[in-house]
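The values are calculated or read from the model by the stated rules, or taken from the named source; none is laboratory data. Computed from a predicted structure; not experimentally measured. Please note: Cβ atoms are built from the backbone with ideal geometry, for glycine as well, and neighbour counts cover all protein chains shown.
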Amino acid sequence: MDAGTEAAKTVHQTDVLPSLRFDAEDFRPAERLDAINDVYRGLFTCRPVSDASEAAGDKASDPTLKLQAWSLGEIAATSFEMTQFKKVPTDRMAPELSDMLIFSVLHKGLFDAECGEARMVVRPGPINLGQARYTLRKSDAAAGIALRLPIDRVDYDETRFPRIISFRSETSTGLLVKSAMKSLFQALPTMTRSEAKSAESTLIALFRGLLNTGTLDDESYAAMQSARSVAMKHYILTHLRDEGLDAKRLQSVFGASRATVYRAFAEVGGVDRFIRDKRLEAVRRELRDTAPRRGIVRRVAERYGFWDQGTFCRAFRNLHGIRPSDVLGAYCLSRDAMPCAATSPSGRDVVSLASFWLANGAGETRAAAACS
């Protein structure tokens, strides 16, 4: 495979949330900094981490960037890990994106945040919100998550609020917001477009409440709880084959109490029933695509934790109204016909974050206002 062939992938399926993935390690070392600049084009300019190498015009020895981005309507989301280069905001940023409010949580590394006269060093842990320009300090590695939010939708008034706001994550409000963000980013990889509409309104309510009350009002608290409930269900759907998938696992992964977990699944008959039914649905899908052969029903059932065949067959029939063997090979979908992600045709043909977000709706409120 040529270098960079799968370096940037944009998913455009009917009900799949638009996403973009980039990994600099898909490029040859000498091409990586150029490729990173391509993906950040319109947002940041990326430079070698060493002042000496920058002065000499050398590229960073081995810069890396793993990035995934999503577009939830007007909200743009990013998760990133980077090493061996620093980034500074570009002066040619798209106006639709430059005026958006930025939420971020840094996991490691240091950033300088600047907006007018306001300046702050962004460190791992706290929740940061504002219109600041972020410049990565010289650091071996940095990682974090970020959201770009439409200012008008969250009622941010720059005459009333600081340009850079930092909330301690140890406070009750900080813990709630970080929990909601953790849930969101766990759900994003499998989120559908229809679910994204609900997530977008949830996030708008969450940040509006955070800005205007200094703490979460009832609407924003309910929105945060809803986001976490969705993320728990998505976690189950992506871990159906895991042993020990139960309420205790969800408590540990999401930092939630036992009561919170059970409340999230009350409307669907409880955690155990939800897991069992989703496993039975997964078994049915897999059997539909499997040609009949001796022992295959038992093997597929065991992949999803059904070790007692009598119990499994009764549960399957109760849910689906037919025997497992009746489903075998019913459709036999062709794997070659499944839609796949678009890939970049060459090492330098990389989809930029800015163009991806703008093409999928982020910043559309600002763009419409500018044209009116």
*Among the residues of the range 171-187, write down those that are over 13 Å from G255 (Cα atoms), crowded, with 22+ Cβ neighbours inside 10 Å and in contact (Cβ under 8 Å) with a residue 60 or more places away in the chain.*
L184
*So is T260 polar (S, T, N, Q), assigned to a loop (DSSP other than H, G, I, E, B) and at pLDDT below 90 or not?*
no
_Considering only residues that are in contact (Cβ under 8 Å) with a residue 24 or more places away in the chain, more than 12 Å from the chain's Cα centre (by Cα) and surrounded by 18 or more Cβ atoms within 10 Å (Cβ to Cβ), which ones fall in the range 196-210?_
E200, T202, L203, I204, L206, F207, R208, L210
*Going by the structure shown, is R348 basic (K, R), assigned to a loop (DSSP other than H, G, I, E, B) and at pLDDT below 85?*
yes
*For the range 143-158, does any single residue satisfy the condition of being modelled with pLDDT under 75, under 24 Å from N360 (Cβ atoms) and not in a loop (DSSP other than H, G, I, E, B)?*
no
_Can you tell me which residue is nearest to I322 (Cα to Cα) among those in the range 248-259 that are in contact (Cβ under 8 Å) with a residue 12 or more places away in the chain and surrounded by 18 or more Cβ atoms within 10 Å (Cβ to Cβ)?_
L250
_I'd like to verify a number: residues in the range 264-304 that are in contact (Cβ under 8 Å) with a residue 40 or more places away in the chain and of a type in the set (A, V, I, L, M), how many?_
5
*E281: under 31 Å from the mean Cα position of the chain (by Cα) and outside any helix (DSSP H, G or I), yes or no?*
no
*What about A247, is it aliphatic (A, V, I, L, M), in contact with a strand residue (DSSP E or B) (Cβ under 8 Å, 6 or more places away or on another chain) and modelled with pLDDT of 75 or more?*
no
*asked:* Can you tell me which condition I204 does not meet? The list is (1) at pLDDT 80 or above; (2) more than 30 Å from M100 (Cα to Cα), and all the others hold.
replied: (2)
*Could you grab me the full set of residues in the range 309-345 that are of a type in the set (A, V, I, L, M), at pLDDT below 85 and either over 32 Å from the mean Cα position of the chain (by Cα) or part of a loop (DSSP other than H, G, I, E, B) (or both)?*
V327, L328, A330, L333, M338, A341
*Within the range 287-308, how many residues turn out to be more than 27 Å from the chain's Cα centre (by Cα), surrounded by 16 or more Cβ atoms within 10 Å (Cβ to Cβ) and either within 15 Å of R323 (Cβ to Cβ) or hydroxyl-bearing (S, T, Y) (or both)?*
7
